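The values are calculated or read from the model by the stated rules, or taken from the named source; none is laboratory data. None of the values given here were measured: they were computed from a predicted structure. Neighbour counts are summed over all protein chains in view; Cβ atoms, including those assigned to glycine, are modelled from backbone coordinates with ideal geometry.
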Amino acid sequence: MTPRKMLEKTYEGLCTIKTMTTIKVDGETTAKEGIIVENQPCRLSHRSNTHAKQGSVYAEVSQIVKLFLAPEIEVKPGSKVVVVQHGRTYNLEASGLPEIYSTHQEINLIEIGKA
């Protein structure tokens, strides 16, 4: 078994990756969110503990996570990612530059939510 296949056996989630694209309609250029991939096998790893910041109405929590997925998928910085893993849905944003290896890529993301 190749190193890539061994690593892909650890993928426990599925992700959908969205990014902003520009389209031209009747000579006018507008930005629209487009889907790059859907139901792509992946693995999410939590890199930091949750931090809470009290807002005026509710507390906002955030944590840094790392996404592992196939190296051939192009994920632009700033993309939004939705991961379903272990029965939970993670809405992630602010993707950074990917670290690309021959077997996989790693992307740092931020999970933001309300407490």
Notebook entry, point to check: When residues of the stretch 14-29 are filtered for being in contact with a Ser or Thr (Cβ under 7 Å, 6 or more places away or on another chain) and more than 21 Å from Gly87 (Cβ to Cβ), how many remain?
Noted result: 5
Notebook entry, point to check: Can you pull out the residues in the stretch 102-113 that are in a strand (DSSP E or B) and under 13 Å from Ile73 (Cβ atoms)?
Noted result: Gln105, Glu106, Ile107
Check: When you go through (1) modelled with pLDDT under 90; (2) closer than 25 Å to Pro3 by Cβ one by one for Val61, which number turns out not to apply?
Finding: (2)
Note to self: Could you check the stretch 85-101 and list, in sequence order, the residues that are assigned to a loop (DSSP other than H, G, I, E, B) and either farther than 14 Å from Cys42 by Cβ or not polar (S, T, N, Q) (or both)?
What the structure shows: His86, Gly87, Ala94, Gly96, Leu97, Pro98, Tyr101
Checklist line | Unmet requirement for Pro77, which otherwise passes all of (1) touching a Leu at 6+ places or on another chain (Cβ under 8 Å); (2) surrounded by 15 or more Cβ atoms within 10 Å (Cβ to Cβ); (3) not in a strand (DSSP E or B) | finding: (2)
Check: Out of Leu69, Leu109, which single residue is of a type outside the set (Ser, Thr, Tyr), touching a His at 6+ places or on another chain (Cβ under 8 Å) and crowded, with 20+ Cβ neighbours inside 10 Å?
Finding: Leu69
